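Please read the structure below before turning to the comments.
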Amino acid sequence: MEILSAIINNIDIISGICFILGFILVIVEMFVPGFGVPGVSGTVFFLIGIILTANSILEAFILIIFILLILGVVLTIILRSANKGGVAKGVILSTAMTREKGYIGVGSEDMDYFLNKEGISLTMLRPSGSVDFDGVKLEAITDGEYISKGKKVKVIKVKGRRLIVREVKDK
């Protein structure tokens, strides 16, 4: 108890400002993930505040534990709020990118969309190369034949993320 009262008595205006800025910057980092500038700056302010306040290693250790506890409580509150939707509106994307709205993902189940689609070979397919399907450039392979650049091709099979194409012969 004496150590805690000694720590509180040692906090002056400068170290108090350092602690407040440290908390603000680390909390900003929790809300706005990025390059870590607010988090690193907040940590620097915490270190300056600890150096200015603590008279011993034990006091510094107690301050670090106290800071980590407060940040843990704040993080818990932020995560619970995000799960319940309080913070989620500004941080989490709420619109879904569905196929019905014109979005095409890169998962294997979405590659089925290209089955029976026709496109133009952008490179020679021997047996793999690039194909353009209405502005979407994808890698494709043939079922064994070589296809020249600029030929019309059709997707005949989808295996996972692989598009297997065959040249469309003009009639």
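Coordinate-derived values only; no laboratory data. Note that the structure is a prediction, hence the values are computed from the model and not measured. Here Cβ is always computed from backbone atoms with ideal geometry, including for glycine, and neighbour counts include all displayed protein chains.
When only Cα pairs below 8 angstrom with a gap of at least 6 residues are kept, segment 2-91 shows a relative contact order of 28 percent.
In this calculation the C-beta distance from residue 9 to residue 43 is compared with R0 = 25 Å, giving a FRET efficiency of 0.50.
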